[in-house]
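Q: Got a structure for you, written out below as structure tokens; questions coming shortly.
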Amino acid sequence: MNSFDQEDAYLRAKKKVENLKGFYWNLITYLIVIPVLAYVNYMTTWDEIKWFWFPAFGWGLGIAFHAFSVFGAHKVFGRDWEEQKIKQFMEKEKRSTGINYGQDND
């Protein structure tokens, strides 16, 4: 591995760490702020409306998307995904038309 590859790998790893750190800060902030909002709601308008659910669900949905982007997006749309899809579509085409891609058809 040359120095360019090492630097590129380092920058990718650093970006992943920054994304992970951002997710954890988002989660920690959520776990602090939502109970505070629930307490404020309880002390003010609890009998009228339980409004703390609105920010809890909205922010919670944002955290779910953030978690997917940090932990799951590469599993769904990673490097191998595109190659697997291409092979899958080529196999489907081969079965329906009988054409063998990448081989001589004499």
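Q: Sort out which residues of region 61-70 are surrounded by 14 or more Cβ atoms within 10 Å (Cβ to Cβ) and among the small types (Gly, Ala, Ser), and write them in order of number.
A: Selection gives Ala67 alone.
Q: Can I ask one more? Mind telling me which of the residues Ala56, Ala13, Ala9 ends up being aliphatic (A, V, I, L, M) and surrounded by 12 or more Cβ atoms within 10 Å (Cβ to Cβ)?
A: Ala56
Q: Search region 51-78 for residues that are more than 18 Å from Leu31 (Cβ to Cβ) and pair each with any residue that is at pLDDT 95 or above and surrounded by 12 or more Cβ atoms within 10 Å (Cβ to Cβ) when their beta-carbon atoms are under 6 Å apart and the residues are at least 6 apart or on different chains.
A: Trp51/Asn41
Q: Something else now. Show the residue pairs that are 6+ apart or on different chains and have beta-carbon atoms under 8 Å apart, the first residue being within region 24-48 and surrounded by 10 or more Cβ atoms within 10 Å (Cβ to Cβ) and aromatic (Phe, Trp, Tyr), the second being at pLDDT 95 or above and assigned to a helix (DSSP H, G or I).
A: If the second residue must be at pLDDT 95 or above and assigned to a helix (DSSP H, G or I), the pairs left are Tyr30/Trp59; Tyr30/Gly60; Tyr30/Ile63.
Q: Something else about it: Quick one: which helices (runs of 4 or more DSSP H) lie wholly within region 1-91 and hold at least 3 residues that are in contact with a helix residue (DSSP H, G or I) (Cβ under 7 Å, 6 or more places away or on another chain)?
A: 3-44, 53-67
The values are calculated or read from the model by the stated rules, or taken from the named source; none is laboratory data. The structure presented is a predicted model; accordingly, all values stated were derived computationally and were not measured. Positions of Cβ are generated from backbone atoms using ideal geometry, with glycine treated the same way; all protein chains shown enter the neighbour counts.
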